[in-house]
Amino acid sequence: MSKWQEKFSQKLGRVRIAARDQFERAIERSVAPVFEEFREFTTQQGFCATVPVAKNGIRTFKFAMTENAYLLINFRVAGFEHCETQAELFVPGKDKEVSTPAHVELGEMDSNWTCRVFERTLDHFVDEFVESLNKVEESATAMAGA
């Protein structure tokens, strides 16, 4: 590696650190407080909400209805100025579902955006769980009638 390449790599390293730090500030300012609101509400509804991964540049929020039915919402720094979000749904009787990653600029990570992410993914999770329960019931009814 030439001296220029080495210096350039060092500069990019500082940019990556700055992006990660901006992500961390956005998480603390906008995502963590919204998660706490959702944790309180979903706990009242029978969920268990936790933060199983909290590292520099990545956060994972988990909402579990049962041991085998839960939702993971992942936030990670992506590139130099974006946050990537992705949801993973685990519902009995269905394959793991992973959403298409969505990207937002770090500066746009506010509480309104975060609230929409949690609302949309929790709605989808519950819809998928209900669909799974309906299929189990249909299957049981069909077996009983056979």
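Calculate the translational D of the range 46-120 in whole µm² s⁻¹ from Stokes-Einstein, where the hydrodynamic radius comes from the Kirkwood formula applied to all Cα pairs, the temperature is 25 °C and the viscosity 0.890 mPa s.
Working: Rh = 13.1 Å.
Estimated diffusion coefficient is 187 µm²/s.
What residue among ALA32, ALA18, ALA87 has the largest mean-square fluctuation in a Gaussian network model of the chain, using Cα springs under 10 Å? Among ALA32, ALA18, ALA87, the largest GNM mean-square fluctuation belongs to ALA18. Here the dipole of the chain is about 1020 debye; that uses its Cα centre as origin and unit charges on the Cβ of Lys and Arg (positive) and Asp and Glu (negative). Computed from the Kirkwood radius of its Cα pairs, the Stokes-Einstein diffusion coefficient for the chain at 10 °C and 1.306 mPa s stands at 93 µm²/s. Among VAL34, LEU71, VAL15, pick out the residue whose Cα is farthest towards the positive end of the charge dipole of the range 3-145, where Lys and Arg carry +1 and Asp and Glu carry -1 on C-beta, about the Cα centre. Going by the Cα projections, it comes out as VAL15.
Treat the count of other C-beta atoms within 10 Å as a stand-in for reagent exposure and order LYS94, LYS7, LYS55, LYS62 from fewest to most.
Values: LYS94 14, LYS7 11, LYS55 8, LYS62 18.
So the residues, fewest neighbours to most, are LYS55, LYS7, LYS94, LYS62.
Within the listed set GLN86, GLN45, GLN22, the residue fluctuating most in the Gaussian network model of the chain (springs between alpha-carbon atoms under 10 angstrom) is GLN45. Hydrophobic, long helices, defined as DSSP H runs whose alpha-carbon span along the helix axis is 15 Å or greater and whose mean Kyte-Doolittle value is at least -1.0, occur in the chain at 32-44, 111-145.
Local charge sum around GLU128 (other residues, Cβ-Cβ under 12 Å, Lys/Arg +1, Asp/Glu -1)?
Once positives and negatives cancel, what remains is -3.
Each reported figure results from applying straightforward, stated rules to the coordinates on display, with no laboratory input. No experiment lies behind these values; they were computed from the predicted model shown. In this analysis, Cβ positions are derived from the backbone assuming ideal geometry, glycine residues included, and neighbour counts consider all displayed protein chains.
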